[in-house]
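Enquirer: Take a look at this one; I'll ask things after.
We did not get these values from a lab; they are worked out from the coordinates using the rules stated. Bear in mind the structure is a predicted one, so any value in this text is a computation, not a measurement. Using ideal geometry, Cβ is built from the backbone for each residue, glycine included, and neighbour counts are taken over all protein chains shown.
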Amino acid sequence: MKFLLGDKRNLLFLSLFTFVFVASSALAISKGQEIYLEQRRTISKSFTPIPVLSEESGFPVLSAQAALAVDLDAGSALYEKNPEKALLPASTTKIMTALVAMDYYPTDTIIKVGKVSVEGQKMGLVQGEEISVLDLLYGLLIYSANDAAEELAVNYPGGRDMFISAMNIKAGQLHLDNTSFSNPSGLDGNGHHSTARDLIRVAEVAMKRSLFREMVAIKEKNVASIDGKIKHRLVNINQLLGKVDGVLGVKTGWTENARENLVTYIERDGKRIMIVLLSSQDRFGETEELISWIFENYEWQEVEFSLEEYRQI
């Protein structure tokens with residue numbers, strides 16, 4: 001076969017280009033392998049602050065039948081007492097009520113209040129009053145209003161029973177394995193129970209929602225019917241708001257049988273702590289005591305992980 005001069009030059013150029021390309025690729029692959037192997041050999045620079053309890057520390061003695069305090073970032077329990085014990089959650093139930101309502105209703109939805117017949121804490125809704133879902137949520141989470149909980153439930157597609165079913169479905173989705181709801185307000189009822197651990201979980205999820213987070217931190221708010229004629233003054237029951245450094249909510253609860261319940265979220269010194277007390281004789285005092293004990297007796301230390309350990313986290 002005969003080649004023209006141009007053909008020979010083209011062939012030579014193609015051969016040289018192929019050689020350079022293959023050599024460069026091989027070098028890049030080799031370099032990539034070296035980097036990968038070096039990463040496998042070296043210790044990663046990922047640090048996680050881990051709470052370490054002082055050796056001299058004692059433990060608070062609480063009247064609460066169940067209690068749990070968790071460092072949310074480290075995933076570590078700081079204090080626990082019967083965290084899996086199923087107890088009456090009372091109005092801490094409204095954390096889930098709010099989540100289900102927020103999932104379904106646009107906040108500007110207008111609800112016409114029906115015949116109000118409910119026990120316990122009420123914001124004073126009047127039959128025939130038209131009020132926004134947003135203001136019902138304020139009533140639910142600031143004032144712990146049972147009438148607000150019922151109105152959100154009865155206006156749900158399928159009515160109150162379907163709303164309660166939605167609460168239990170969401171509990172399953174969040175792996176609240178020891179929680180069951182039979183009403184939206186938290187009144188005592190057969191099959192209505194939860195645990196400190198489950199309430200930590202649902203509160204952590206709820207606090208990731210900006211609207212929920214905003215509402216539970218409000219100390220006082222006035223809301224009104226759409227026409228402005230019926231006004232409702234809402235005062236937060238949580239005595240720790242504005243009193244204890246870093247407390248940003250979350251929810252109170254009380255019935256005669258449940259006694260005093262409290263779910264508390266704290267941000268302080270770069271730490272995020274969630275605390276639940278159930279069936280306490282002094283929910284505010286004991287929670288305040290527990291917060292002080294945590295920050296006085298724990299030291300957060302940075303722990304270094306290897307690359308392989310980091311991948312398994």
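Enquirer: Multiply the residue gap between N222 and V116 by 0.36 nm, knock off their C-alpha separation, and tell me the result in nm, one decimal place.
Expert: 36.1 nm
Enquirer: If packing is taken as the average number of other Cβ atoms within 10 Å across a peptide's residues, how do 163-169, 102-108 rank, most packed first?
Expert: 163-169, 102-108
Enquirer: Still on this structure: For region 250-293, what's the relative contact order in percent, using C-alpha pairs closer than 8 Å and at least 6 residues apart?
Expert: Rounded, it is 32 percent for region 250-293.
Enquirer: Which of K251, K122, K231 comes first, and how do the rest follow, when ranked by fewest Cβ neighbours within 10 Å?
Expert: Going from sparsest to densest Cβ surroundings: K231, K122, K251.
Enquirer: Separate question: Once the dipole of region 52-312 is set up with Lys and Arg at +1 and Asp and Glu at -1 on Cβ about the Cα centre, which of L248, V61, T92 lies farthest towards its positive end?
Expert: Final value for the positive-end residue is T92.
Enquirer: Next up: For labels at L211 and E296 in the simple 7 Å Cα→Cβ model, what's the distance in nm?
Expert: Label at L211, label at E296, 4.1 nm between them.
Enquirer: In debye, nearest 20, what is the charge dipole magnitude of region 195-240 about its Cα centre with +1 on Lys and Arg Cβ and -1 on Asp and Glu Cβ, if you could check?
Expert: Here region 195-240 has a charge dipole of around 40 debye.
Enquirer: From the phi of every residue in region 160-177, what ³J(HN,Hα) in whole Hz does the Karplus formula 6.51 cos²θ - 1.76 cosθ + 1.60 yield, where θ is phi - 60° and glycine or proline is x?
Expert: Each residue of region 160-177 in turn: 4, 4, 5, 5, 5, 4, 5, 4, 6, 5, 5, 4, x, 4, 8, 6, 7, 6 Hz.
Enquirer: Show me, for region 196-210, the HN-Hα J-couplings you get by feeding each phi into the Karplus relation (A = 6.51, B = -1.76, C = 1.60, θ = phi - 60°), rounded to Hz, glycine and proline as x.
Expert: 4, 5, 5, 5, 4, 5, 5, 5, 4, 4, 5, 5, 7, 8, 4
Enquirer: Further, regarding this structure: Please turn the phi angles of region 92-104 into ³J(HN,Hα) values with the Karplus equation 6.51 cos²θ - 1.76 cosθ + 1.60 (θ = phi - 60°), one per residue in order, whole Hz, x for glycine and proline.
Expert: 5, 3, 5, 4, 6, 4, 5, 4, 5, 5, 5, 5, 9
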